[in-house]
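I have placed the structure first, in the form of structure tokens, so that the comments after it can refer back to it.
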Amino acid sequence: MSTSTAPLHDAGPVTSAGPVTSAGPGTSVGPGAFRRVPVTVWIAGVFAALLVLASFAPSLLATADPRAINLAEPLAPPSLQHWFGTDQSGRDLYSRIVHGTGQSLLIGLGATGVGVGLAVVFGSWAALGGRWADAVIGRAIEVLFAFPILLLAMVFIAVYGPSVPTLVFAVGLGIAPGYARMVRAQVMSVHRSGYVQAARALGHHPARILGQHVLPNALRPLLAVLTLGIGQSIVWASGLAFLGFGVAPPAPEWGALLEAGRPYITAAWWLEIIPGLAVLATALTATSLGKYVESTLEGDR
């Protein structure tokens with residue numbers, strides 16, 4: 001009497017979680033995939049889309065000319081005609097906020113790019129350049145950490161003058177030390193990993209190992225931090241503009257709007273509150289999307 005068994009390959013590869021099945025080209029993703037996305041992320045995504053639209057096509061959202069002066073309606077409160085009120089020159093505040101979105105996002109994105117770029121260069125150099133490079137760069141980072149971001153940026157702007165490029169580099173220089181420490185730690189961890197040691201044993205060129213293995217794996221966690229840094233940079237840039245170190249009026253950049261409305265904070269609250277809410281909403285949007293990206297990369301979803 002003989003017994004028969006099914007071929008092992010019919011069941012598919014077996015793991016601790018059960019047989020692994022592959023979805024064919026015609027397999028559709030169920031609605032549960034969309035339900036797993038939190039409502040806050042959907043709201044943040046919609047607001048981010050509006051920010052992008054306002055950056056590239058502000059005339060589609062604005063209701064008036066942001067530079068049109070109307071001396072008959074100075075400091076008019078929010079109404080159906082002027083949703084966010086008017087400023088001291090009678091200009092529509094809503095339209096000015098819409099037209100200032102592109103410049104504000106440019107400052108946030110540019111400052112984050114400068115900060116991360118400097119961090120990648122010096123963090124990688126500290127991790128791979130040997131003991132002396134690590135000691136010198138580490139001490140320089142500690143010196144930069146001793147200065148508050150606002151103070152360091154104010155000194156930079158005081159030397160080179162207020163402008164959009166100066167503001168971008170000032171904020172980027174202020175946030176770079178924190179990113180540099182993260183890059184250094186990640187690069188050192190990946191450089192000691194087994195697959196990098198195996199590539200080195202196989203005789204791969206150091207430049208190839210760095211470009212194909214070390215940097216892609218070390219910088220992957222920075223994707224979420226990069227998103228979070230955009231909102232942080234916008235907040236820092238707006239704070240500098242509020243102190244008089246930002247883009248000069250009558251530019252509709254959000255920080256410049258805050259600085260221009262400061263003398264009227266008791267008579268026209270909307271000149272400070274509404275641009276401040278725009279900065280806050282953008283920072284929260286970037287934070288929400290950044291945390292979702294981070295949790296997705298970590299496999300939490």
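The values are calculated or read from the model by the stated rules, or taken from the named source; none is laboratory data. Keep in mind that this is a model prediction, so the values were computed, not measured. Using ideal geometry, Cβ is built from the backbone for each residue, glycine included, and neighbour counts are taken over all protein chains shown. In case anyone asks, the SASA skips ligands and DNA or RNA and just uses the protein heavy atoms, side chains included. Shrake-Rupley method; radii C 1.70, N 1.55, O 1.52, S 1.80 Å.
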_Go through (1) of a type outside the set (D, E, K, R); (2) farther than 30 Å from I175 by Cα; (3) within 29 Å of the chain's Cα centre (by Cα) for L106 and report which single condition fails._
(2)
*asked:* For the range 53-82, give me each residue that is open to solvent by less than 60 Å² (accessible area, probe 1.4 Å), within 16 Å of I265 (Cα to Cα) and either of a type in the set (D, E) or touching a residue at least 24 places away in the same chain (Cβ under 8 Å) (or both).
replied: L75, P78
*asked:* Need the failing condition index for I149 against (1) within 25 Å of P221 (Cβ to Cβ); (2) at pLDDT 80 or above; (3) open to solvent by 20 Å² or more (accessible area, probe 1.4 Å), just the number.
replied: (2)
*Given the conditions (1) over 19 Å from T166 (Cα atoms); (2) open to solvent by less than 20 Å² (accessible area, probe 1.4 Å); (3) of a type outside the set (A, V, I, L, M), and given that S233 satisfies all but one, which numbered condition is not satisfied?*
(1)
*Subset of the range 210-224 (residues that are open to solvent by 40 Å² or more (accessible area, probe 1.4 Å) and not charged (D, E, K, R))*: L210, G211, Q212, H213, L215, P216, N217, L219, P221, L223
_Here is a check on your reading of the model: is T282 in a helix (DSSP H, G or I), surrounded by fewer than 22 Cβ atoms within 10 Å (Cβ to Cβ), within 12 Å of the chain's Cα centre (by Cα) and not small (G, A, S)?_
no
*Read through the list (1) at pLDDT 90 or above; (2) closer than 30 Å to R184 by Cα; (3) of a type in the set (G, A, S), then give the number of the only condition that A119 fails.*
(1)
*Counting just the residues of the range 83-134 that are farther than 27 Å from R220 by Cβ and hydrophobic (A, V, I, L, M, F, W, C), which one comes out surrounded by the most Cβ atoms within 10 Å (Cβ to Cβ)?*
V98
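Could you pull out the residue among V164, V159 that is open to solvent by 20 Å² or more (accessible area, probe 1.4 Å) and either in contact (Cβ under 8 Å) with a residue 60 or more places away in the chain or closer than 30 Å to P206 by Cβ (or both)?
Numbers: V159 fails: either in contact (Cβ under 8 Å) with a residue 60 or more places away in the chain or closer than 30 Å to P206 by Cβ (or both).
That would be V164, the only listed residue that is open to solvent by 20 Å² or more (accessible area, probe 1.4 Å) and either in contact (Cβ under 8 Å) with a residue 60 or more places away in the chain or closer than 30 Å to P206 by Cβ (or both).
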*W269 vs. criteria buried (at least 24 other Cβ atoms within 10 Å of the Cβ) and either in contact with a strand residue (DSSP E or B) (Cβ under 6 Å, 6 or more places away or on another chain) or not β-branched (V, I, T) (or both)*: no
*asked:* Going by what's in this entry, would S189 be described as hydroxyl-bearing (S, T, Y) and either crowded, with 17+ Cβ neighbours inside 10 Å or without any contact (Cβ under 8 Å) to a residue 12 or more places away in the chain (or both)?
replied: no
*Within the range 198-209, how many residues are open to solvent by 60 Å² or more (accessible area, probe 1.4 Å) and either within 17 Å of V116 (Cα to Cα) or assigned to a helix (DSSP H, G or I) (or both)?*
5
*Quick check: is even one residue across the range 87-103 of a type outside the set (K, R), modelled with pLDDT under 90 and either under 26 Å from the mean Cα position of the chain (by Cα) or under 25 Å from P165 (Cα atoms) (or both)?*
yes
